[in-house]
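Right, one structure below, let's go through it.
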Amino acid sequence: MDFFATLIELFGKTRIPTQVSEVDIRGLFTNPWFLIPFITWVSYKLYRQAVTALALTALVVTLWIFSGSPMMDGLIINGELQPGKILLVAGVGLVAVIIAVYFLFVRPK
């Protein structure tokens, strides 16, 4: 239990959630210091035909973009969860889990 308390304390001190929420996506994907290694990695995975890695990377990027969408901004208003928007978020999460399970466990390499 001390391990988790230390980990939570570390996240609090480093402000990781705040830093992740303040990322400028448009600036990130126009920055050559990010874009060149990212394109190189994707090209290498295409060359190696690593479809699973590419699909999971696309899934993570898509979920990251969805988490910053206006839909997620309106999910909690004044500290209260909006029940009308839960179904869409749960559906997106369920589809993401199904895709991840398919590529990790069902699809043969």
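The values are calculated or read from the model by the stated rules, or taken from the named source; none is laboratory data. All values derive from a computational prediction rather than experimental measurement. A quick note on method: Cβ atoms are made from the backbone with ideal geometry, for glycine too, and the neighbour counts reach across all protein chains shown. The accessibility values were calculated without ligands, DNA or RNA, using every heavy atom of the protein model including side chains. Shrake-Rupley method; radii C 1.70, N 1.55, O 1.52, S 1.80 Å.
Q82 is checked against (1) among the polar types (S, T, N, Q); (2) closer than 24 Å to R107 by Cβ; (3) in contact with a Gly (Cβ under 7 Å, 6 or more places away or on another chain) and fails just one. What number does that condition carry?
Going through (1) among the polar types (S, T, N, Q); (2) closer than 24 Å to R107 by Cβ; (3) in contact with a Gly (Cβ under 7 Å, 6 or more places away or on another chain) one by one, Q82 breaks only (2).
Consider only pairs whose beta carbons are under 7 Å apart and that are at least six residues apart or on different chains; among these, list those whose first residue lies in region 85-105 and is closer than 23 Å to D73 by Cβ and whose second residue is open to solvent by less than 90 Å² (accessible area, probe 1.4 Å) and among the β-branched types (V, I, T).
The qualifying pairs do not exist here.
Any residue in region 47-71 that's surrounded by 13 or more Cβ atoms within 10 Å (Cβ to Cβ): show its pairings with residues that are polar (S, T, N, Q) at Cβ separation under 9 Å, as long as the two are six or more apart or on different chains.
Here the result reads S67/S21; G68/S21, each pair linking region 47-71 to a residue that is polar (S, T, N, Q).
Pairs needed: first member in region 25-42, aliphatic (A, V, I, L, M); second member anywhere, modelled with pLDDT under 90 and exposed (fewer than 12 other Cβ atoms within 10 Å of the Cβ); C-beta distance under 8 Å; at least 6 residues apart or different chains.
I25/I65; L35/F29
V20 is checked against (1) of a type outside the set (S, T, N, Q); (2) within 23 Å of F66 (Cα to Cα); (3) open to solvent by 100 Å² or more (accessible area, probe 1.4 Å) and fails just one. What number does that condition carry?
Among (1) of a type outside the set (S, T, N, Q); (2) within 23 Å of F66 (Cα to Cα); (3) open to solvent by 100 Å² or more (accessible area, probe 1.4 Å), the lone unmet condition for V20 is (3).
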